[in-house]
2 protein chains.
Amino acid sequence: MVNQRADVGWQSSKSDSSGVSNSGESSKESSRCSTPVLDTDRTDRLRDKMKRRIESGDHWFSLEFFPPRTASGAVNLISRFDRMGSGGPLFIDVTWHPAGDPGSDKETSSMIIASTAVNYCGLESVLHLTCCNQTKEKITAHLNKAKRLGLKNIMALRGDPVGEDWVEEDGGFNYATDLVKHIRCEFDDYFDICVAGYPTGHPEAESYDDDLRHLKEKVDAGAHFIVTQLFFRAETFLRFVKDCRAIGITCPILPGIFPIQGYHSLRQLVKLSKLEVPEEIMQVIEPIKDNDAAIRSYGIHQAVEMCKVLLASGEVPGLHFYTLNREVATIEVLRQLGLWAEDPRRPLPWAVSAHPKRKVEDVRPIFWASRPKSYIYRTQDWDDFPNGRWGNSSSPAFGELTDYYLFYLKSKSPKEALLQMWGDELMNEGSVYEVFTNYITGQTNPSGHKVMCLPWNDDPLAPETNLLKDELEKVNRRGVLTINSQPNINGKPSSDPIVGWGPAGGYVFQKAYLEFFTSSENVTALLQVLKKYEPRVNYHIVNVQGKNITNAHEMQPNAVTWGIFPGREIIQPTVVDPVSFMSWKDEAFALWIEQWAKLYEDESPSRMIIQYIHDNYFLVNLVDNDFPLDSCLWQVIEDMFTLLDAPPGSPS
Amino acid sequence: MVNQRADVGWQSSKSDSSGVSNSGESSKESSRCSTPVLDTDRTDRLRDKMKRRIESGDHWFSLEFFPPRTASGAVNLISRFDRMGSGGPLFIDVTWHPAGDPGSDKETSSMIIASTAVNYCGLESVLHLTCCNQTKEKITAHLNKAKRLGLKNIMALRGDPVGEDWVEEDGGFNYATDLVKHIRCEFDDYFDICVAGYPTGHPEAESYDDDLRHLKEKVDAGAHFIVTQLFFRAETFLRFVKDCRAIGITCPILPGIFPIQGYHSLRQLVKLSKLEVPEEIMQVIEPIKDNDAAIRSYGIHQAVEMCKVLLASGEVPGLHFYTLNREVATIEVLRQLGLWAEDPRRPLPWAVSAHPKRKVEDVRPIFWASRPKSYIYRTQDWDDFPNGRWGNSSSPAFGELTDYYLFYLKSKSPKEALLQMWGDELMNEGSVYEVFTNYITGQTNPSGHKVMCLPWNDDPLAPETNLLKDELEKVNRRGVLTINSQPNINGKPSSDPIVGWGPAGGYVFQKAYLEFFTSSENVTALLQVLKKYEPRVNYHIVNVQGKNITNAHEMQPNAVTWGIFPGREIIQPTVVDPVSFMSWKDEAFALWIEQWAKLYEDESPSRMIIQYIHDNYFLVNLVDNDFPLDSCLWQVIEDMFTLLDAPPGSPS
């Protein structure tokens, strides 16, 4: 199953159009600027993705999460989205908790969590929405906000009535059907709509058959697919599907899978959902109820066996997992089923956003390579996104740094962890060089901690950067403080596990790139050295005041990553854009202060050292244009050190 | 001097922006779609090009032509534009003959000839315009038309008064100054304006000094540069420049060079222009006046020597040649001066148009590779041109074939020559295969003639196609009638003399491409064979009715030529666009009939053979996507023949 997810997209985009066709009859949009995008998955609606997967017999999975209680919980959940997103879910969904201000702008609201999953994690997301006890205006406002934030899918639920004495309101939202109708009425076909199914009947329904009729009403009102409540026996679900089909429900029905993860969580869930745990399961669990590990292990086994039966039945196109915001059990079940994408093919070398307005985006400046969420955040107000080429971006209008303190732009690590990694106390600039060097080498620092992140790199070294490890270590040790780099690549297969991206059968290319902070003394020597490397090397050198020294065209971007694929135009996803570099520069310098200097007391020597670097160092980027040759950038740095080491007056 | 012309463009585009600059102050246009174009020469105004060349000390030349008398003269002149354009003139100019309906739509009018030079030959062109005896309305109409046709430069002249009793009109156009003022007044800064200077004074001027004052008036009214009347001694011109500078004329002054090409043409010219030929020249010429070759040889020598003095003076940025529509003498003088670009670097792999609205164009379908003028013609009504990528061209609106009979779309060769090349009488389809084969091999046909062109290829085989000669010969002999092809190229330097294009220091790439007509029997076998080459080979196969068989995306273009250059985004100048292929198909099939079948009598066997091919053959294009490997396209054809040769029922 590895890579199947990505492959399907390509195959079907081809098979849509192969064979004999009479030309000239297409009614598609004719804008010359918009090429069919690289990855069909980025443009299709969820219902269409499902349709394609069903047609190709390619099973999928989806993951349900609930919103976190705290801001740090939100940071953790978003990291989990990234990790679980890499396994290739078709979508995730986020539950709606009326008591938790779910439609607000809080970092922890359902709305913001779902929108973050779409915009920053690139995940197709379904937002739950309950209608019970809500006014029409409030519902419409929620839907408008969801639309604005890039959400395209709604799970329409009734929700639990608040208070004991709930009665139906005339013309109000009494059932999920009312919400489905309202969404269709107010938003036409904009949202894909999911509704809930109850394999054993809704606990409040008069009968199983009555509940099935309600489900039919919801689908007839305009729902596109059904996700079911959890259950414990495959036959429960399969009978339910059969009954649905019998009364004319034809849309996809996804079984809700709940891997048992503990005795108490199971008891609580069962109580809430008014389900009965089958005898054969209780018999296994009761004896081991105090052995968490054994229960988890059984839960995985039980879920895998049940899913195998479901998938083998031919009635189940995809599996929906109730994750309880945990990773281990769900991932293990998916691994054992062969549904977890161990090595998902990247459509582009950077993490794409799933916001509909970004669907054509396929070019970005390289500067944010390690901070894709920051890039998405700072460009969120753009109306259109570069595709094909970056173009002339004389005023790219990056968002200001004033709104900087949203949780996803902060370091994921707490202050104490950062101090352990970066040093409780800095002695001099050399202490800083050591932090960078330890980050590169992965060695522990004197206090015994590994440096797992830097202000410019929230994650450990990328596998690609690892290719340059030895060279990077050498230069960081001497105060060339690297924050971004890529090796040159001359036509590696697009399937290359480290540098590959894009569709099968293609070739990817890169120009060597190196970006670093370094002292003004070094810059003086560097500029001398760079004369020898004209026009092979392009450079931009800038300090915090914005003094910009360059040998590049002031407006002309330089493509540094590109790919050639069968039957397609060239894709060039990263560029060195001189204008954007000035916006990145502000962010890159600010991170010294915001993430590092502020760890220390005002006026403390440590803080003054970071402040000194911020005030006096230059940010340098170098591109070696001659990509088929060995990169000369290391030699450039070497030459700089040689020049610096030479006795004054000696020939350079 | 070889290549200097092209190099300067790149250098200066860089030097404009190098060094220290504070960013964020740029006021240039901010449209994201428009990247700074590849070749500065394509966007700069003539006056700016001159400025850059003057600053870099890079001498140029320009060429003056007069409009032809006949349509076939026009065809010849345009071929001459192509040949002389390849030597790298900064501009050409076309004279205005009031008696010859110069502003009309006739193939031979000054207006159409100048516009053809701009649009179809990619030459920066200056249109002469005389104002004497013209109404203001007429002049404005001419200028509006020139602007619409893509002309950006006007040589403003008084012209010769018609009739003996000419008197100045109040408020009319009595002098070139009036015309210059009118152009400025009505068209603001749109046109670059050239005016005439008379190194020995205008024959009708009261005095040399008086004439200089008139010239100063013309420049003050808004002219950008001066071209002088011809002269025979360098010192005549140098004194004139000195006098101009003395009275405050600061614009470029270009000497008019007239290489003496014959005794009688010299006499006539001298009479018309009321010039005196210096004694030292007459002394040489008179004794050899009946020896044309000797006079031409002397003319070249005399011009070269005079030009050397002019260029060495430091007062002459460029030389303007009165060609009399002849090539040999002017080219020889330029060669001896080192100004003729022997190997002009191509900015793109196809001939660019100089129409201002096409300045950003850098992508075209490959189908018109041998018929660039036809492509320009059929896209002349487009408002914007693809750059960066071809994009989604569901309705590219190519001009219909009904307007097909403009002179530049006809074969350059007369009917008799075509019959000699393609056969007075065809015996069968094999006779046609032979014509194609002889075109490829360059061998003479049975009647002793070389096949120098085909309906789809007005010129002999391109050097690049020559790389494929042996393979092409083999397949044409068997009825795979190739009309377009390119080898795969995996990163050759952009300076490569055969396949190189674009700025220095880059690398160019190509996917192998093959396009041919072949019988439906062959196509049946080919389709069988192509299954083995999925997804490596993309194909489009279409007959005259438009039945289209393909394994490619119906809307997705496939880039088949691209280049990577220092400090730039990727350039991908040619694509296989499925939609455009349908427009090309109409043209490609029509050429069988229009250029070939119609050479023969109605109902004649020869005509019926061509008609049969037109009605029954398919047009096929193949792309091998795996450009780093040896092209597999020849193997595809080989496999097709093997399958056809196999006894029926044998395993395929």
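Is there a pair in A:359/B:511; B:138/B:410; A:51/A:218; A:218/A:274 whose C-alpha atoms are over 26 Å apart, and which pairs would that be?
Over 26 Å Cα-Cα: A:359/B:511; B:138/B:410.
Roughly how many Å² of residue B:145 are accessible to a 1.4 Å probe, to the nearest 10?
30
Charges only on Cβ, +1 for Lys and Arg, -1 for Asp and Glu: so what's the dipole of region B:364-645 about the Cα centre, in debye to the nearest 20?
560
Taking the label point as lying 7 angstrom from Cα along the Cα-to-Cβ axis, what are the distances from residue A:547 to the corresponding position in the remaining copies, in ascending order and in nanometres?
7.4
If you fit an axis through the alpha-carbon atoms of helix B:605-616 and take the longest principal axis of the Cα set of chain B, what angle between them do you get, 0 to 90°, nearest 10?
70
Counting other C-beta atoms within 10 Å, and keeping those with at most 11, which DSSP coil GluC sites (Glu not before Pro) do you find in region A:179-220?
Those that pass, being in a loop and sparsely packed, are A:204, A:206.
Just to be sure I understand: if you take the accessible area of chain A alone plus chain B alone and subtract the pair, with a 1.4 Å probe, what total do you get in Å², rounded to 100? Intermediate values should be presented prior to the final figure.
Working: alone 29710 and 29750 Å², together 53590 Å².
Approximately 5900 Å², summed over both chains.
Assuming R0 = 51 Å, can you tell me the calculated FRET efficiency for the pair residue A:490 and residue B:301, based on Cβ-Cβ distance, to the nearest 0.05?
0.45
How charged is the neighbourhood of residue A:447? Take every other residue with its Cβ under 11 Å from the Cβ of residue A:447, and add Lys/Arg as +1 and Asp/Glu as -1.
Counting the neighbours of residue A:447, the net charge comes to -1.
Which loop-located trypsin sites (Lys or Arg not before Pro) does region B:225-279 contain, where loop means any DSSP state but H, G, I, E or B and the Cβ has at most 16 other Cβ atoms within 10 Å?
Counting only loop positions with at most 16 other Cβ atoms within 10 Å, the trypsin sites (Lys or Arg not before Pro) in region B:225-279 are B:233, B:274.
In square angstrom, what is the accessible area per residue of the protein assembly as shown with a 1.4 angstrom probe?
Heavy-atom SASA per residue in the protein assembly as shown reads 41 Å².
At 7 angstrom along the Cα-to-beta-carbon line, where would the label on residue B:602 sit relative to the other copies? Give the distances in nm, shortest first.
Shortest to longest, the spacings are 10.1 nm.
With point charges of +1 on the Cβ of Lys and Arg and -1 on the Cβ of Asp and Glu, referenced to the Cα centre of the protein assembly as shown, which listed residue (A:593, A:438, B:223) lies farthest in the positive direction of the dipole?
Farthest towards the positive end: A:438.
Take every DSSP beta bridge with both residues inside the protein assembly as shown and express the antiparallel ones as a percent of the total, to the nearest 5.
Numbers: 80 of 144 bridges.
Roughly 55 percent of the DSSP beta bridges within the protein assembly as shown come out antiparallel.
Computing the accessible area with a 1.4 Å probe over protein heavy atoms, can you report the carbon and sulfur percentage for region B:364-645?
Of the solvent-accessible surface of region B:364-645, carbon and sulfur hold 49 percent.
Using a 1.4 Å probe on the heavy atoms of the protein chains only, list every residue of region B:494-538 that has 40 Å² or more less accessible area in the complete assembly than in its chain alone.
Output list: B:507.
Select from A:621, A:637, A:581 the residue farthest towards the positive end of the dipole of region A:563-645; place +1 on Cβ of Lys and Arg, -1 on Cβ of Asp and Glu, and compute about the Cα centre.
A:581
Once you have the Cα-Cα distance between residue B:534 and residue B:137, take 0.36 nm times their residue separation minus that, and quote the gain in nm to one decimal.
Values: separation 397, 0.36 × 397 = 142.92 nm, distance 6.37 nm.
Between residue B:534 and residue B:137, full extension yields 136.6 nm more.
With each pseudo-label sitting 7 Å past Cα toward Cβ, what's the residue A:43-residue A:239 distance in nm, one decimal?
Between residue A:43 and residue A:239, the label points sit 4.6 nm apart.
Can you grab the distance from the C-alpha centre of region A:437-491 to the C-alpha centre of region B:565-599, Å, no decimals?
Distance between centres, Cα-based: 50 Å.
Which value in nm describes the separation of the simple spin-label points at residue B:603 and residue A:284, placed 7 Å from the Cα toward the beta carbon?
Label at residue B:603, label at residue A:284, 9.1 nm between them.
Compute the acute angle (0 to 90°) between the alpha-carbon long axis of helix A:520-530 and the principal axis of greatest extent of the alpha-carbon atoms of chain A; round to the nearest 10°.
Helix A:520-530 and the main axis of chain A meet at about 80 degrees.
Could you grab the relative contact order for region B:364-645? Cα pairs under 8 Å, six or more apart, rounded to a whole percent.
For region B:364-645, the relative contact order is 22 percent.
Please report the relative contact order for chain B, taking Cα pairs under 8 Å with a sequence separation of at least 6, and give it as a percent rounded to a whole number.
Answer for chain B is 12 percent.
Given a Förster radius of 25 Å and the C-beta distance between residue B:190 and residue B:324 as r, what FRET efficiency does 1/(1 + (r/R0)^6) yield to the nearest 0.05? Intermediate results must be reported in sequence, preceding the final value.
Working: r = 31 Å, r/R0 = 1.23.
For residue B:190 and residue B:324, the calculated efficiency is 0.25.
For chain A, find the longest principal axis of its Cα atoms and tell me its angle to the long axis of helix A:176-187, 0 to 90°, nearest 10.
The angle comes out at about 50 degrees.
Tell me the net charge near residue B:300. Cut-off is 10 Å between Cβ atoms, residue B:300 excluded, with +1 for each Lys or Arg and -1 for each Asp or Glu.
So the environment of residue B:300 carries a net charge of 0.
Loop-only check: which chymotrypsin sites (Phe, Trp or Tyr not before Pro) in region A:312-403 are DSSP coil with at most 11 other Cβ within 10 angstrom?
Sites meeting the loop and neighbour criteria: none at all.
About its Cα centre, how strong a charge dipole does chain B have in debye, to the nearest 20, once Lys and Arg get +1 and Asp and Glu get -1 at the Cβ?
The dipole of chain B has a size of about 980 debye.
Distances from residue A:415 to the same position in the other copies: list them in nm, one decimal, shortest first, using label points 7 Å from Cα along Cα→Cβ.
Computed spacing set for this position: 9.6 nm.
Let me know the mean shielding of B:574-581 by other chains, meaning the per-residue number of their Cβ atoms within 10 Å of its Cβ.
Per residue, the average neighbour count from other chains is 2.
Using only the Cα atoms of the protein assembly as shown, build the gyration tensor, take square roots of its eigenvalues as a ≥ b ≥ c, and label the shape rounded, prolate or oblate: rounded if a/c is under 1.5, else prolate if a/b is larger than b/c, else oblate.
Working: a/c = 2.32, a/b = 1.66, b/c = 1.40.
The shape class here is prolate.
If you add up the charges near residue B:121, with Lys and Arg at +1 and Asp and Glu at -1, over every other residue whose beta carbon is less than 11 angstrom from its beta carbon, what do you get? Before the final figure, lay out each step's value.
Details: positive: B:80, B:83, B:373; negative: B:82, B:124.
Around residue B:121, the charge tally is +1.
Divide by every residue of chain B the summed helix terms, -39500 (n - 2.57) for each DSSP H run of at least 4, and state the resulting mean residue ellipticity at 222 nm, rounded to the nearest 500 deg cm²/dmol.
Calculated at 222 nm, the ellipticity per residue is -11000 deg cm²/dmol.
Just how much of residue B:209 is accessible, in Å², when a 1.4 Å probe is used and the result is rounded to the nearest 10?
90
Using a 1.4 Å probe on the protein chains only, how many percent of the accessible area of region B:56-206 belongs to carbon and sulfur?
48
By DSSP, what percent of the beta bridges with both residues in region A:364-645 are antiparallel, rounded to the nearest 5?
Details: 36 of 38 bridges.
Looking only at bridges with both residues in region A:364-645, the antiparallel portion is about 95 percent.
The values are calculated or read from the model by the stated rules, or taken from the named source; none is laboratory data. Quick caveat: nothing in here was measured; it's all calculated off a predicted structure. Glycine also receives a Cβ, built like all others from the backbone with ideal geometry; neighbour counts cover every protein chain displayed. For the accessible areas, the whole protein counts, side chains as well, though only heavy atoms, and no ligand, DNA or RNA atoms are used. Shrake-Rupley method; radii C 1.70, N 1.55, O 1.52, S 1.80 Å.
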